[in-house]
Every structure is written in structure tokens, then in C-alpha cells.
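Enquirer: Please see the structure below; I have some questions.
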Amino acid sequence: MHHFSYRDGLLHAEDVPLTRIAEQVGTPCYVYSTATLTRHVRAFADAFSGLDAMICFAMKANGNRAVLRLLTGLGAGVDVVSGGEMALALAAGARADRIVFSGVGKTAAEMTAALEAGVHQINVESEPELEALDAVARGLGTRAPVAIRVNPDVDAATHHKITTGKAENKFGIEWTSARRVFRRAMTLEGIALKGIALHIGSQILDLAPFEAAFLKVRDLVALLRADGVTVERLDLGGGLGVPYRHGDNAPPPPAAYADVVRRTVGDLGCALTIEPGRAIAGNAGVLLSRVIYRKEGVTKAFAIVDAAMNDLMRPALYDAEHEIWPVREAPRDAERALIDVVGPVCESTDTFARDVSLPPLVTEDLIAFMTAGAYGAVMANQYNGRPLVPEVLVDGDRFHVVRRRPTMEEMGSLEDTPPWLE
Ligand code: LLP
């Protein structure tokens, strides 16, 4: 459910017509809806009410400062995966004691920063990382609050590029070594072992893999407790999917997901953390773009738009399909034609949609790529000399540019010419 809809023939973000944003900000730009973000974070909070659970927004999905400010203001914690994300989260006003530091390869400098900031938890993903964190914490005269991420070897049945919980994936401690590593952690002076973490993948549309993984964790909790290992916390990761296309099976709502959590691990006396990213931000954002040209090829027609693969990488990277909605609503009986919607970058993979059925698009038409609020702007880059795409936050009938488009000078400002080439 989101707050982008047609009114008076124009696509609106809440009460703001996207035409107005295009005029004032220019295209391409991302547009986020406060009401949608709010609704989603509340849906998770409601779903988990009655459980001792902390909802930590996975900011890798959307790291915009205003978005973080909004979500943390609504009570969310933050899941970060680098020192950079942690610094950005703190700058956005997140409380350190509501930050979980995940990630496969934390450096000693990142561990030091996390311990000095006083984060809630550091999720350790390998034995060398555990030993390194122990050393860093002892050096600082403290103990690191740790959850150890296990790899439950469960197939999340999602795109192979975003699955993380299979034995062959690089994430977490391999299931069969888990007991040994937890026992080792208990002996380390710099480690205050709190519990278990896992995350099996992203864009998961079926509750069965979650259930299978959580049941495996339940068994592990019993084994570990029998070994005398402390398990006070469970961090269940993120992964709940969103519908990308009309007619897609609706993903399970947060309430159904929470029921699985309740049923599988709700009675273990553990404080819970969940790390949703996409489910909170995904359909709270669109990428607004303008058709530069319509080109009639020999075999097909193309709409060449001003957004490109550098602004929204998901189609090029994962063959993701984002629905395309014309900003000017087409009449119900409008004829439709098959068209390829492509960006101007010099790569054939800069294609957003192939043979998509749309009302005729002509030069200057505005379109919105839907469900672009997660893994959109955060993954953008400057390929082909294209400035990072700006972001706009709408709230009711007002909007604000929450990241502006850099100037060409700013784009080149980190570069330098060696004196011998001056
Ligand atoms: N926690 C951990 C440890 C993660 O690795 C991730 C995502 C999340 C939480 C949040 O997962 P979510 O609730 O958003 O599914 N760029 C890809 C998705 C990569 C996800 C990486 N990890 C995409 O655009 O589909």
C-alpha cells in the first residue's frame, strides 16, 4: 500500500502532483512519501507489539538523512553495514543504542568507531572477525555486545543475486561450526555474547523459508543454552518482499511475518531485532523521469528517458522490473502499444523495460518508475558523467529537496591533476 495515486488526471505523491516536482526540481529525481514510510514502520511496530522487539531499518535500502530522521523519529532503530552508514545514521539523529552494526567485513577502525559510539550490537560474521573484535574491545578496555550471524543453509527462493542464507553464500558462520564458535566467543574477554543473528535473503515472498530458518535457530538456541552459552537476543534480519508489478502475488504482510516469528521463536525469552529495509522503503518511493525522445526503430519503438541505469541500477543488475506509470493519466480506452523504455547511457543493459504495454509516450512526457524507494538512490553512481540523482521528500501538500543534484564542479571536486600534467 502506498500514497502515489492519480487525481485530476495527474499522478500525485500524497497531495503533490509529480508535474510540480518535475518543474521545480528537474528530472530525473526520486520522490518519497512520508505517509507511506510512516505507515510501513507502524505496520511493523503494530505487528510486533507484545513482543520485546526492536525494528531496525536497514539503511542500505535508503540512506537519505531525512528518511532516516523520519523513521528514527517514529521509533525505528537502524541496521548499518559500514562505518560510513553508522556515521550517517548518527548524523541523522539515530540513537547509538538503537543501532545494529551488521556486515561481512568490519575493519578494526570500524569496530573501534562502533564501540566508541556505543552501538546496541555488533553482528559478527566469521571467526577471524570475532578474534579481531575481541582484540579491539580489549584494547579499548571494554566488551563488545555481540550477536553471531549464522548461516542456516535455507533457500530463500529469491533472485540468486540477493540470496544470502545458503551454505555457499559468503554470509555468516557455517551452520555446522556454529556451536564451536559460540563456545569460543564465551571465553573471550572482549566479547559480551548476546545472541544469534541471521538474514536469509531479500525480496522474499513466501513465509516458508523464514519459518524454516527460525525453526533451525530455535533448535540452535536449545543446543547453545545446553552448552552454557548465553542467548538473550535474536536478530532475525530483514528480507520481506514487496510487489513490484501489478498482478504479482501480494507478499505476506508484516503481521503474517510477525506471526511466524511469534510461533517459532516468540517463547524463547529473547529480545528480538528485525532489520526490514525494502518492505519499509520500497514502494514509498518513485523515480520520476522525462521522455527525451521517442524513437521508431526497425522492429520496435523506444522511449529514451532521462533516467538511466546509473540512477536506478536494479533492472541492469538483477533484471528487476519496475512498473512504469505515465504521470498524465491515460484515458481508460487509450490505445496501448509495446515499447522499450531505455536510458541514455551507452550500454544495452541500460534498459528499464522491454516490450512493455503503455499508452503512447511522446517527447516531454513524464513517467514514474514505481517501487523505487529501496535500493534506488543508494545504489546510484555517476557513470557516464551523470550527476547523482536528487531526492525529494513529500509530506501531505509540501515537499522538500532532501538531497540536491550536485553541480558539475562538485562532481569533479575530488579529482586532482598531477603537477607533471598541469
Ligand atoms: N539485514 C541484512 C544483514 C542484510 O544484508 C539486508 C539486505 C537487510 C537486512 C535488509 O533486507 P531487506 O529487508 O531490504 O530485504 N540491492 C538488492 C538487495 C540487497 C539486499 C542486501 N541485504 C536489490 O535491489 O534487490
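The values are calculated or read from the model by the stated rules, or taken from the named source; none is laboratory data. Keep in mind that what you see is a predicted model, and the values were worked out from it rather than measured. Positions of Cβ are generated from backbone atoms using ideal geometry, with glycine treated the same way; all protein chains shown enter the neighbour counts.
Enquirer: So how many residues does region 235-257 have that are under 26 Å from ASN123 (Cα atoms) and either in contact with a Gly (Cβ under 6 Å, 6 or more places away or on another chain) or within 14 Å of the ligand (Cβ to nearest atom) (or both)?
Expert: Total satisfying the criteria: 10.
Enquirer: Please work out which residue is surrounded by the fewest Cβ atoms within 10 Å (Cβ to Cβ), limiting yourself to region 205-235 and to residues that are touching a Pro at 6+ places or on another chain (Cβ under 8 Å) and free of Cβ contacts under 8 Å to residues at least 60 places away in the same chain. Let's see the steps before the verdict.
Expert: Keep residues of region 205-235 that are touching a Pro at 6+ places or on another chain (Cβ under 8 Å), which gives 205-207, 212-213, 216-217.
So of that shortlist, the ones also free of Cβ contacts under 8 Å to residues at least 60 places away in the same chain come out as 205-207.
Details: LEU205: 18, ASP206: 14, LEU207: 16.
Per the stated criteria, the residue is ASP206.
Enquirer: Please give the number of the condition ALA213 fails out of (1) assigned to a strand (DSSP E or B); (2) within 16 Å of the ligand (Cβ to nearest atom).
Expert: (1)
Enquirer: Related question: Within region 1-44, which strands (runs of 3 or more DSSP E) (wholly inside it) include 2 or more residues that are over 24 Å from the mean Cα position of the chain (by Cα)? Steps first, answer last, please.
Expert: On the way: elements: 4-7, 10-13, 29-33.
Result: 4-7, 10-13.
Enquirer: Something else: Just to be sure before I move on: is ALA89 in contact with a Ser or Thr (Cβ under 9 Å, 6 or more places away or on another chain), part of a helix (DSSP H, G or I) and either buried (at least 22 other Cβ atoms within 10 Å of the Cβ) or of a type in the set (Gly, Ala, Ser) (or both) in the structure I sent?
Expert: yes
Enquirer: Going residue by residue through region 344-365, is there one that turns out to be farther than 28 Å from ALA330 by Cα and touching a residue at least 60 places away in the same chain (Cβ under 8 Å)?
Expert: So far as region 344-365 goes, no, none of its residues is farther than 28 Å from ALA330 by Cα and touching a residue at least 60 places away in the same chain (Cβ under 8 Å).
Enquirer: Sort out which residues of region 261-285 are under 28 Å from the mean Cα position of the chain (by Cα) and away from the ligand (no atom under 15 Å from the Cβ), and write them in order of number. Quick ask: steps written out before the conclusion?
Expert: At the first step, the residues of region 261-285 found to be under 28 Å from the mean Cα position of the chain (by Cα) are 261-266, 270-285.
The answer is ARG262, ARG263, THR264, VAL265, GLY266, CYS270, ALA271.
Enquirer: Can you spot a residue in region 363-370 that is modelled with pLDDT of 95 or more, in contact with a His (Cβ under 8 Å, 6 or more places away or on another chain) and either within 16 Å of the ligand (Cβ to nearest atom) or farther than 29 Å from VAL67 by Cβ (or both)?
Expert: Yes.
Enquirer: Residues that are without any contact (Cβ under 8 Å) to a residue 40 or more places away in the chain, crowded, with 22+ Cβ neighbours inside 10 Å and touching an Asp or Glu at 6+ places or on another chain (Cβ under 7 Å): does region 100-112 have at least one?
Expert: The answer is yes, given that some residue of region 100-112 is without any contact (Cβ under 8 Å) to a residue 40 or more places away in the chain, crowded, with 22+ Cβ neighbours inside 10 Å and touching an Asp or Glu at 6+ places or on another chain (Cβ under 7 Å).
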